[in-house]
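**Q** Dumping the structure here so I can ask a few things about it.
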Amino acid sequence: MGIKEQMESILLLGGDEVKIRDLSKFFSISVEKVFQILEELKLKRFNTGINIEIDQEIVYLTTNPRCGEIVNMYFKQDVKPKKLSNAALETLSIIAYRQPITKSEIEAVRGVSIDRVVQTLEERKFIYVCGKKEAIGKPNLYAITDKFLGYLGISSVEELPQYENMKEKLNGTNENK
């Protein structure tokens, strides 16, 4: 059995707190090599019922968001996933179409402060810090996660509606009235 399968087994039993550096020490390989293996596993599992989520220093297994409805039906859960507020949806749209993007750049588009919205979206794992901008203060750059794409029921940003197409459809609809 290879190292990939061994890591996958550890993830299954590890819960929410499998630290990437602990995997590196245990297998006596570099953190970069662990990330490479985890990314390969993540890609391999992308269209399955179980996904691998990598969150900066930790990695864990999660159900594929596209299976949420059937999982809820099976377990007869009455609790539905929280809907996103308009502010959250607007912020996510801006990030999705312009990523990577800083908080101040998002605020410039929206015209309001988004501190709490960004915090909530990070807590729900819909966005993550993907780097730092080479500018004064080195602000965080944000991008959307696979979990958010799953929430929308798509697998990549390329599947998002294109602004120009939407604009044409709307203009065509308005002209027909």
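Computed from the coordinates by the stated procedures, all read-outs in this text should not be read as laboratory data. Note that the coordinates shown come from a computational prediction; the quantities given were computed from them, not determined experimentally. So basically every Cβ, Gly included, is an ideal-geometry build from the backbone, and we count neighbours across all protein chains shown.
**Q** Would you mind computing, in nm to one decimal, how far apart the modelled labels at Leu89 and Val31 are, each placed 7 Å from Cα along Cα→Cβ?
**A** 3.9 nm
**Q** For the pair Val112 and Glu69, how long in nm is the line joining their label points, each one 7 Å along Cα→Cβ?
**A** 3.0 nm
**Q** Can I get the semi-axes of the chain's equivalent ellipsoid? Compute them from the C-alpha gyration tensor as square roots of 5 times the eigenvalues, in angstrom, largest first.
**A** Values for the chain, descending: 33, 22, 16 Å.
**Q** Restricted to Cα positions, what overall size does the stretch 1-106 have along the principal axes? Three whole-Å values, descending.
**A** Largest first, the stretch 1-106 extends 47, 42, 22 Å along its Cα principal axes.
**Q** Using Cα springs under 10 Å in a Gaussian network model of the chain, which residue among Ile106, Ile95, Ile37 shows the largest mean-square fluctuation?
**A** Of the options given, Ile37 has the highest mean-square fluctuation.
**Q** Follow-up. Would you kindly calculate the translational diffusion coefficient of the stretch 1-46, applying Stokes-Einstein with the Kirkwood radius from alpha carbon pairs, for 37 °C and a viscosity of 0.692 mPa s, and quote it in µm² s⁻¹ without decimals?
**A** 307 µm²/s
**Q** Something else about it: Can you list, bin by bin at 5 Å, the percent of alpha carbon pairs in the stretch 86-175, starting at 0?
**A** 3, 13, 22, 22, 17, 12, 7, 3, 1, 0
**Q** Still on this structure, I have one more. Using a Gaussian network for the chain with springs between C-alpha atoms less than 10 Å apart, which of these wobbles most: Val118, Val18, Val71?
**A** Looking only at Val118, Val18, Val71, the largest GNM fluctuation is found for Val71.
**Q** Using modelled backbone amide H atoms (1.01 Å from N, in-plane), which distant-in-sequence or interchain residues come within less than 5 Å of Cys130's amide H?
**A** Leu141, Tyr142, Ala143
**Q** Right, next: What number comes out for the charge environment of Ser113, summing +1 per Lys or Arg and -1 per Asp or Glu over other residues with Cβ under 11 Å away?
**A** +1
**Q** Further, regarding this structure: Run the numbers for Ile136 and Ile154: contour at 0.36 nm per residue of separation, minus the present Cα-Cα distance, in nm.
**A** Extending this stretch completely gives an extra 2.9 nm.
**Q** On to the next question. Taking only DSSP H segments of four or more residues, each worth -39500 (n - 2.57), what value at 222 nm results for the chain once the sum is divided by all its residues, to the nearest 500 deg cm²/dmol?
**A** So the calculated ellipticity at 222 nm is -15500 deg cm²/dmol.
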